[in-house]
Amino acid sequence: MTIYTKVILNLLLLSLKLVATSELESKPGISSIEVKGKQFINSQTGEPFLIKGLAYQPGGSADVNEDQDPLSEPTICSRDIPLFQQLGVNTIRVYSINPDLNHDYCMSLLAMAGIYLILDVNSPLPNQHLNRYEPWKSYNPFYMEHVFKVVKQFSNYSNTLAFFAGNEVVNDFKSSQLSPRYVKQLIGDIKMFSDKHCPRTIPIGYSAADDLNYRVSLSNYLACYNDSTPMQIVDFYGVNSYQWCGQQTLKTSGYDLLIDAYKDYSRPVILSEFGCNKVLPRKFGEIEGIFSQEMLKVFSGGLAYEYSQESNNYGLVEILDEGDIKLLSDFHELKNQYCSIDLANVKVEISKDDMGDVPCVDQYKNLNVNMEIAEELSKDLIEDGVEVEVGKHIAINLNKIHINEAIYNADGTPWKDNTGLKVVYDLFPQTKEKTVSKHDEKGKERKETTDSKKKNTATSIKCLSIYDWVVIISAITLLVITMF
Ligand SMILES: *[C@@H]1O[C@H](CO)[C@@H](O)[C@H](O)[C@H]1NC(C)=O
Ligand SMILES: *[C@@H]1O[C@H](CO)[C@@H](O)[C@H](O)[C@H]1NC(C)=O
């Protein structure tokens, strides 16, 4: 190799490094998201926030127990969060967690990765959700305690975007007659509790079943204002929608009807689940629809269903026995779609204006909203508070993270593109590199016994900008020219 080539090779390496570090330059903190009018906004910049989201509940929502939930395991979060970044998501939705566990590590890693959380306050365990057919039994102090613990613990993370007070509680005729009043009550309870005991007030939403008979009238009922129960107003509404299957347009999918149904709604609306699997392979063409100019007049993005392959066949990845990951074709399809949407260049036309309170009326179509309810039930807990460890971000030293789980392509060959976690936000600009969390130590201990061949690096080459490509290509051209 001539000295000349060496110099140019070094130049090439340097330019690659430059690209990596320009990506690496992390901003301090991650700012919280608020609701303003019909928009989610970044509390720091005031810019509208659109959700490029993903549902995350490995093992299904029943896989929550005393020892483990989706945000309690440092090693699992270290494995999965870089993949969320690869997919280009900025928000995940988790359906159930156990507030008696510690979630600082996973929430901090998510924050460093620039990813927000929307969390359902319920779980399938007994006394941890409303029973849609007998809500008066399940709306009890044990249940309220669970909900308040979740809210109190997660409200202190700046990257907690929102809570869902319920998911598809109203999903058929019987539940539509029995449970709407309880959902509204619960929303008010959470807000009163938050006001008194939480460091930050997090937007409270509801995620509605894919059923046109109920979801529009329920959205209006949950957002209406009643003088005697002023806190019982939902902050945003989520619509679970699986109506865009295969190749569709706004019209053939019926998205145009969704736009129409919510165009005058006073709050932000999102697709709290999407990703029809009736036509396979999934191409996620709806993402183009969700981020179309028409849709962005009313909707603030959505959450693809879902990360892990479960029995209902919606997965992007399969989690193998040893915790290794197999990327399915859905993973690449979703990544392509999300990476093709550059949020910085998307024009948001959702109204920022406060639409004011819409007074409640006596009747809502297809719903019974006139039930008697034990309104005093939550009063003591709201007064006294609940005992729970409040969440806080911790410093994580990325050099100490070793991901031991292998990641494979669908055909079983090793996946080559793993670039590890890219730090977007530095949570502790001052104390950089000094602290190693106790979780981190734990994760390290557990993992250092096995190999560390898949060592994490803090760079990422996903979604390179045009500038980056120009630098790389010019360097390569220079190299080629000098070699000949
Ligand atoms: C307002 O709330 C009170 C107390 O819960 C209830 O009795 C009344 O029916 C509600 N009014 C409307 C219009 O929903
Ligand atoms: C809330 O979070 C902040 C910043 O992460 C932390 O300093 C504070 O101690 C937390 N609050 C509690 C009560 O733990």
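The values are calculated or read from the model by the stated rules, or taken from the named source; none is laboratory data. Just so it is clear, the structure is predicted and the values come from calculations on it, not from any experiment. As a convention, Cβ positions derive from the backbone with ideal geometry for all residues, glycine included, and neighbour counts pool all protein chains shown.
Observations, loosely collected:
- Among the residues of the range 76-112, the ones that are touching a Lys or Arg at 6+ places or on another chain (Cβ under 7 Å) and within 18 Å of LYS392 (Cβ to Cβ) come to 2 in all.
- Residue satisfying all of: in the range 395-431; polar (S, T, N, Q) and under 25 Å from the mean Cα position of the chain (by Cα); nearest to ALA111 (Cα to Cα) among these: ASN397
- Residue count, the range 167-208 (criterion: farther than 14 Å from TYR133 by Cβ and either charged (D, E, K, R) or away from ligand 2 (no atom under 15 Å from the Cβ) (or both)): 20
- Verdict on LEU117 being part of a strand (DSSP E or B), touching a helix residue (DSSP H, G or I) at 6+ places or on another chain (Cβ under 9 Å) and within 18 Å of VAL150 (Cα to Cα): yes
Matching residues to (1) at pLDDT 95 or above; (2) within 16 Å of ligand 1 (Cβ to nearest atom); (3) part of a loop (DSSP other than H, G, I, E, B):
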{"residue": "LEU334", "(1), (2), (3)": "yes, no, no"}
{"residue": "LYS352", "(1), (2), (3)": "no, no, yes"}
{"residue": "MET355", "(1), (2), (3)": "no, no, yes"}
{"residue": "ASN370", "(1), (2), (3)": "no, yes, yes"}
{"residue": "ALA374", "(1), (2), (3)": "no, yes, yes"}
{"residue": "VAL388", "(1), (2), (3)": "yes, no, yes"}
{"residue": "ALA395", "(1), (2), (3)": "yes, no, yes"}
{"residue": "GLU405", "(1), (2), (3)": "no, no, yes"}
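- Residue in the range 247-268 that is buried (at least 21 other Cβ atoms within 10 Å of the Cβ), within 16 Å of ligand 1 (Cβ to nearest atom) and within 25 Å of the chain's Cα centre (by Cα) present: no
- Residues that are buried (at least 24 other Cβ atoms within 10 Å of the Cβ) and in a loop (DSSP other than H, G, I, E, B), drawn from the range 269-295: GLY275
- Strands (runs of 3 or more DSSP E) completely within the range 21-97 that count 1 or more residues being among the β-branched types (Val, Ile, Thr) and either modelled with pLDDT under 95 or over 15 Å from the mean Cα position of the chain (by Cα) (or both): 33-36, 39-42
- Flag if VAL317 is closer than 30 Å to ILE81 by Cα and surrounded by 14 or more Cβ atoms within 10 Å (Cβ to Cβ): yes
- Once the range 296-332 is narrowed to residues that are free of Cβ contacts under 8 Å to residues at least 60 places away in the same chain and assigned to a strand (DSSP E or B), the residue that is farthest from ILE270 (Cα to Cα) is GLU318.
- Of residues in the range 184-235 being assigned to a loop (DSSP other than H, G, I, E, B) and of a type in the set (Val, Ile, Thr), the one nearest to ligand 1 (Cβ to nearest atom): THR229
- Of residues in the range 376-386 being away from ligand 1 (no atom under 16 Å from the Cβ) and over 30 Å from the mean Cα position of the chain (by Cα), the one farthest from PHE173 (Cα to Cα): ASP384
- Where a residue in the range 25-54 is without any contact (Cβ under 8 Å) to a residue 40 or more places away in the chain and its partner, wherever it lies, is not in a strand (DSSP E or B), with Cβ under 8 Å and at least six apart: ASN42/SER31; ASN42/PHE49; SER43/SER31; SER43/SER32; GLN44/SER31; THR45/SER31
- Residue among VAL183, VAL169, VAL121, VAL150 that is among the β-branched types (Val, Ile, Thr) and modelled with pLDDT under 95: VAL169
- For the condition within 13 Å of the chain's Cα centre (by Cα), of a type in the set (Phe, Trp, Tyr) and crowded, with 23+ Cβ neighbours inside 10 Å, PHE148 does not qualify.
- Residues of the range 171-190 that are surrounded by fewer than 23 Cβ atoms within 10 Å (Cβ to Cβ) and of a type in the set (D, E, K, R): ASP172, LYS174, ARG181.
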